[in-house]
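Chemist: Take a look at this one; I'll ask things after.
The values are calculated or read from the model by the stated rules, or taken from the named source; none is laboratory data. This is a predicted model, so every value here is computed, not measured. With ideal geometry, Cβ positions are generated from the backbone for all residues, glycine too; neighbour counts draw on all protein chains shown. For accessibility, only protein heavy atoms count, side chains too; no ligands or nucleic acids. Shrake-Rupley method; radii C 1.70, N 1.55, O 1.52, S 1.80 Å.
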Amino acid sequence: MFKTLSNREKWIKITLHAIVWMIIILIPLYLNSVFGSGNLRRLYESYLYTFSAGVIFYTSYLWLVPKYFLQERKLIYVLFLFGLILVSFFFVSFVKEYFIFDPADEAKLRESLKRLPGQAEHSRAPKMVFDFMGHSFSSLLVAGFAVVLGLMEKLKLNEKKQKEMEKEKLHSELAFLKNQISPHFFFNTLNNIYSLIGIDGPAAQDSVLKLSKMMRYLLYESDHGETMMSHELEFMNNYIDLMKLRQSKRVDLQVDFPNDFSDFSVPPLLFIPFIENSFKHGVCHRETSVIKLRMEIDSQQIRFTSENSIGKGAQSEDMKQHSGIGLENVKKRLGLLFPGKHELKIEKDDTAFKVELIIQKVKINT
């Protein structure tokens, strides 16, 4: 049970067990000093039963439950548990008989047995039966407690593994987004900058600077699982500025991003898929195209909207992918990062595609 825990968790668990055992040991000692009238035999019996219960509990908790009960080998678990109860009973009986035997109690027992019909004067069978029944009942309660703890730890471990799998999936989704943005975008941008060098040198230099900032962001900052909102906005603005190099005057691009807000951490590349798709599917070279990008940030939430026109020839298989696989990946990532704390609305008709994403400003699940 302790193998899957971190060092800190192990020490916390060991400390808790030690505190519980201190309480279990001190309570009988206190009760005996107050009410026992100096009778140490009852104190010794109490510690003997406690020791027996401890052996049954830890044998079950550390060995029988994880190795057999939780591995669907319950019959073997029951057989081992029955054997353990039997051995512990004979051990307790042996210690009581030869080390903490009380003649006065034995005399009282004999007097009681005389009143039972059909029992010989020295018969101790009924007491053995009653002792075994009581020992078995208390042992089953202790073993049941060990089973409950084992099941709880298994559920906790499964939950921990599930969270680790979700984190790995988030990193995979992020890597997918980075790879999706990188190849074609960077090649096309470099070609555009190359063409711009002979026409407008300062603009080409500015574009190279923005491209280098984007590459630095993708290579370093976005690997941490969190980034500052100001950095994410800078990345988005640089992306949009570089995309402008490829657009004609027929594209009506409207961008409204906030400049003044209290900075906070967000998952990287959260909004870029929507922006990328707006340029990818919202630009038609044969007619006027419209792309509207807007973000509002307040103390409670982030509201992002992207809206783009759809040209007459845009209803293709490529457009279906826009609302298909790519969109599903974004939905899954949002569901893992902000479970129950986000709202994604998508509206599409023959002429326009609109996305509205609202995210509550809470700590992300990373």
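Chemist: Give the stretch 232-257 a look and list any residue that's under 33 Å from the mean Cα position of the chain (by Cα) and touching a residue at least 24 places away in the same chain (Cβ under 8 Å), or say none.
Modeler: GLU232, LEU233, PHE235, MET236
Chemist: Across the stretch 58-67, which residue is farthest from the chain's Cα centre (by Cα) among those that are open to solvent by 20 Å² or more (accessible area, probe 1.4 Å) and over 13 Å from LYS154 (Cβ atoms)?
Modeler: Selected residue: THR59.
Chemist: Quickly run through the stretch 245-275 and pick out the residues that are outside any loop (DSSP other than H, G, I, E, B) and surrounded by 15 or more Cβ atoms within 10 Å (Cβ to Cβ).
Modeler: Matches in the stretch 245-275: VAL251, LEU253, VAL255, SER265, VAL266, ILE272, PRO273, PHE274, ILE275.
Chemist: Also: Of the numbered conditions (1) at pLDDT 85 or above; (2) under 27 Å from VAL290 (Cβ atoms), SER248 satisfies every one except a single condition; which is it?
Modeler: The one condition SER248 does not meet is (1).
Chemist: Residues in the stretch 321-344: is at least one modelled with pLDDT under 90, in a strand (DSSP E or B) and either surrounded by fewer than 18 Cβ atoms within 10 Å (Cβ to Cβ) or touching a His at 6+ places or on another chain (Cβ under 7 Å) (or both)?
Modeler: No, because not a single residue in the stretch 321-344 is modelled with pLDDT under 90, in a strand (DSSP E or B) and either surrounded by fewer than 18 Cβ atoms within 10 Å (Cβ to Cβ) or touching a His at 6+ places or on another chain (Cβ under 7 Å) (or both).
Chemist: When the stretch 27-51 is examined, which residues are found to be open to solvent by 70 Å² or more (accessible area, probe 1.4 Å) and modelled with pLDDT under 85?
Modeler: Hits for the stretch 27-51 are ILE27, LEU29, TYR30, LEU31, SER33, VAL34, PHE35, SER37, LEU40, ARG42, TYR44.
Chemist: Within the stretch 214-238, restricting attention to residues that are open to solvent by 40 Å² or more (accessible area, probe 1.4 Å) and modelled with pLDDT of 90 or more, which residue is farthest from TYR194 (Cα to Cα)?
Modeler: MET228
Chemist: So, in the stretch 299-318, how many residues would count as being modelled with pLDDT under 55 and of a type in the set (D, E, K, R)?
Modeler: 2
Chemist: For GLU9, only one of the following conditions fails: (1) more than 20 Å from LEU141 (Cα to Cα); (2) surrounded by 13 or more Cβ atoms within 10 Å (Cβ to Cβ); (3) charged (D, E, K, R). What is its number?
Modeler: It fails just one condition, (2).
Chemist: Here is a further query. From the list VAL147, VAL208, which one is within 33 Å of the chain's Cα centre (by Cα) and at pLDDT 80 or above?
Modeler: Just one listed residue meets the conditions, VAL147.
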